[in-house]
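Visitor: Pasting a structure here, questions to come.
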Amino acid sequence: MTKKHALPQDNFFILNEQYLTLDDFLPGITQKTLELDLGCGKGDFAVALAARYPERIVFAADVMMGRLRKVARKSERNQNPGNLFFFRVEARHLVSIILPDNSLDRLHLLCPDPWPKAKHKGHRLLSSDFMMQIARVLKPGGVFHFATDDVPYLEQGTANIKGSGLFREGGEISDVADIKTEFERQWMAEGKAVTHTAWTKIG
């Protein structure tokens, strides 16, 4: 078992460059309803989700430690019921290595950087191979929730999701439709549309 590297807060975990399974630091956690906000940004969505569903476990993952600390303070101000955990980790490392098979009920990827320049194509998360990893970590019938304001990225991501053959279109996200990330509020204030899509894992 890899030793846990926690910050002073017990709900912070630094996971880069190590192999760690969820049960290593939270025994029995995979028996609960789990939701992941992948690339949580300023954390508005994760904090609100955790407060709405205190019986669930919510993971807020981001590679920026300073950003995660701000989310934690926001959670404390919101009197979070103690079900929100913070992962400082690169998204691909978390989904491809750390998370066990069939562990998540929902994975939220909301307004990620589309990396629009051709030379940055390798940074885009919604590649065909990443679809396989998302399907791996979702429970049968689990939901992948993807939102973006970038039309080309939406079209490319949708094509990759459909092309994988691992998901059917549709899934339950109506219960979080009113929760907006800081990026979505910004885009909406500028008159941009943010499209939310839901995909259910087949099998």
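What follows draws every value from the coordinates through simple rules; no lab data is involved. Note that this is a predicted model, so its numbers are computed, not measured. Using ideal geometry, Cβ is built from the backbone for each residue, glycine included, and neighbour counts are taken over all protein chains shown.
Visitor: Using the Cβ atoms and a cut-off under 14 Å, what net charge is assigned to the surroundings of GLY142, where Lys and Arg are +1 and Asp and Glu are -1? If you can, show how the numbers build up before the last one.
Guide: On the way: positive: LYS32, ARG56, ARG106, ARG136, LYS139, ARG168, LYS201; negative: GLU35, ASP101, ASP105, GLU172.
Value of the local net charge: +3.
Visitor: With +1 on the Cβ of every Lys and Arg and -1 on the Cβ of every Asp and Glu, and nothing else charged, how large is the dipole of the stretch 12-201 about its Cα centre, in debye rounded to the nearest 20?
Guide: Numbers: 25 positive and 24 negative charges, 65 e Å.
Computed about the Cα centre, the dipole is about 320 debye.
Visitor: Further question on the same structure: Suppose a student asked you for the relative contact order of the stretch 12-201, using Cα pairs under 8 Å spaced at least 6 residues apart; what percent would you report?
Guide: 22
Visitor: I would also like to ask the following. Shape verdict for the stretch 12-201, please, from the Cα gyration tensor: rounded (a/c under 1.5), prolate (a/b greater than b/c) or oblate.
Guide: It comes out rounded by the Cα gyration axes.
Visitor: Within the set LYS74/LYS139; LYS139/LYS180; LYS74/LYS192; LYS32/LYS74; LYS139/LYS162; LYS162/LYS192, which residue pairs have Cα atoms separated by over 20 Å?
Guide: LYS74/LYS139; LYS139/LYS180; LYS74/LYS192; LYS32/LYS74; LYS162/LYS192
Visitor: Also: Can you tally the net charge around ARG185? Count Lys and Arg as +1, Asp and Glu as -1, for every other residue whose Cβ sits under 15 Å from the Cβ of ARG185.
Guide: -2
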